[in-house]
Amino acid sequence: VLHVQCQLGCDASTIARRGAEVTGVDFSKVALGKAGALAERCGVHIEWVCADVTEMPDALDGRFDLAWATIGVLCWIADLPAWMRSVARTLRSGGSLVLIDGHPTDEDAGDDALDASARTTYESGCDYATTFRSGPQVQFTHSLRAIMAAAAAAGLHVTALREHTEVSDGLCND
């Protein structure tokens, strides 16, 4: 299993505790350090890879039966087609991507929420891997149409699409 944008590695450790061989990938060395400490406390071995998920190392190509990406991953991605291509490359033939993320109409994206992608800059960002508030952060709201088109262009076949009406609030809400 490849845990995409694993941040603190909670899902990676949970999946590894259930017996899977897990690799976690994230761009933050700080987050990966904390993820490693959590995995150690959980008594599991996880391979950690520090990389930009839109340009994952060739060594990950075709290695995984499952790519797992959940809540709050796509909002950090400017180039959604590159993300989908990169993740698709890591999958073995017949492999699957499980993507669970917020709905584009959850945010105030206006009338074009289902059709357009939007870029928003926040002057005071947050980082739950550290104890301080970071400087400006840029987040992206991708439409459902853009997500589906990027997946199809990357050669991924959508076999299920479910909409949930509730998602817990983010950790950075004031």
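The values are calculated or read from the model by the stated rules, or taken from the named source; none is laboratory data. All of these numbers come straight from a predicted model, not from anything done at the bench. To get the accessible areas, we keep the full protein, side chains included, count just its heavy atoms, and leave off ligands, DNA and RNA. Shrake-Rupley method; radii C 1.70, N 1.55, O 1.52, S 1.80 Å.
A few points about this structure:
- Taking all protein chains together, T54, T159 sort by accessible area into T159, T54, largest first [probe 1.4 Å].
- Taking amide H atoms as placed 1.01 Å from N in the peptide plane, the amide H of D65 lies under 5 Å from those of R92, each 5 or more residues away in sequence or on another chain.
- Normalising the average separation of contacting C-alpha pairs (under 8 angstrom, six or more residues apart) by the number of residues puts the relative contact order of region 1-62 at 35 percent.
- Under 5 Å, built H, 5+ apart or other chain: amide partners of G72: G102
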